[in-house]
Ligand SMILES: [Fe+2]
């Protein structure tokens, strides 16, 4: 993708997003701002990952376009339903594809790039990636990694704000704040299995599910950022002191350390070793 094509998408995006804010509706505006800032940071992380993977300029721009568009469905989702929960509204990735179609956003790109962007957006938040073409799969893995990386960063800040002063917390809290852990969640984390969002019952479940994302990180670069920037610790500090919670955390930390320490630190590699 050419830089000018990206710049055109970026101008459309800024315009589109700013049209969703409503003066005086701070609950809406705070939540929209969260995703607008998330998108900006994910673009930055994507540029860093492209550089770490030594990708060429045009592919790096394509990756950044995917970062720009991956959550484009979030703005209409929150404005319509006032929640980011897909289960109580609609799948925001599919909604994003529909918005891209309605606005004919990527129609002028080569077909191969259209397919890569569409698949990356469609599957960025899916529990697992389906089998796909290797090149499309590469971009889909990248957005899944950097999306998780930024959500970790957000969680560190938001869990701290929430736990330090619940009354002043302005964002949607999706689950009841309980130290209880569902047996399914504990079992899944301890066996490196990914977790369906539908199984989460408590905020502690949600924290463990997020920590369990490390099993789905493709590139060692991403995993190293999660560990070395203190994101894993920053989420873990809000887990209860209970034996199951600490056992799950220890398991996650050992997995991360073993994977990073077993690899050559100078070369980014993904989890299948290529
Ligand atoms: Fe998303």
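The residues of the stretch 196-244 that are in contact with a helix residue (DSSP H, G or I) (Cβ under 6 Å, 6 or more places away or on another chain) and free of Cβ contacts under 8 Å to residues at least 24 places away in the same chain amount to a single one, 199.
Output yes when any residue across the stretch 124-139 is over 19 Å from residue 218 (Cβ atoms) and either surrounded by 17 or more Cβ atoms within 10 Å (Cβ to Cβ) or in contact with a strand residue (DSSP E or B) (Cβ under 7 Å, 6 or more places away or on another chain) (or both), and no when none is. Walk me through how you get there before you give the answer.
Within the stretch 124-139, the first condition is being over 19 Å from residue 218 (Cβ atoms), and the residues that meet it are none.
No, the stretch 124-139 has no match at all.
Can you find, within the stretch 9-26, the residue that is nearest to residue 101 (Cα to Cα) among those that are out of contact with any helix residue (DSSP H, G or I) (no Cβ under 8 Å at 6 or more places or on another chain) and surrounded by 13 or more Cβ atoms within 10 Å (Cβ to Cβ)? In this case the residue turns out to be 12. Among the residues of the stretch 140-167, which ones are away from the ligand (no atom under 16 Å from the Cβ) and either under 16 Å from residue 223 (Cα atoms) or outside any helix (DSSP H, G or I) (or both)? The answer is 156, 165. Of the residues making up the stretch 94-123, those that are over 14 Å from residue 70 (Cα atoms) and surrounded by 15 or more Cβ atoms within 10 Å (Cβ to Cβ) are 109, 113. Of all residues in the stretch 59-87, those that are on the phi > 0 side of the Ramachandran plot have Cβ atoms under 8 Å from Cβ atoms of residues that are more than 16 Å from the ligand (Cβ to nearest atom) and modelled with pLDDT under 95, 6 or more apart or on another chain, in 82/27. All told, residue 136 falls short of being within 15 Å of the ligand (Cβ to nearest atom), touching a helix residue (DSSP H, G or I) at 6+ places or on another chain (Cβ under 9 Å), in a helix (DSSP H, G or I) and more than 18 Å from residue 212 (Cα to Cα). Residues of the stretch 42-93 that are within 11 Å of the ligand (Cβ to nearest atom) and surrounded by fewer than 20 Cβ atoms within 10 Å (Cβ to Cβ): 84, 86, 91. Restricting 133, 108 to those that are in the same structural domain as residue 92 (by TED's automatic domain parsing) and either within 21 Å of residue 76 (Cα to Cα) or without any contact (Cβ under 8 Å) to a residue 60 or more places away in the chain (or both) reduces the list to 133. Residues in the stretch 49-106 that are farther than 26 Å from residue 199 by Cα and not in a helix (DSSP H, G or I): 53, 54, 55, 56, 103, 104, 105, 106.
The values are calculated or read from the model by the stated rules, or taken from the named source; none is laboratory data. All values derive from a computational prediction rather than experimental measurement. Cβ atoms come from the backbone with ideal geometry, glycine included; neighbour counts cover every protein chain shown.
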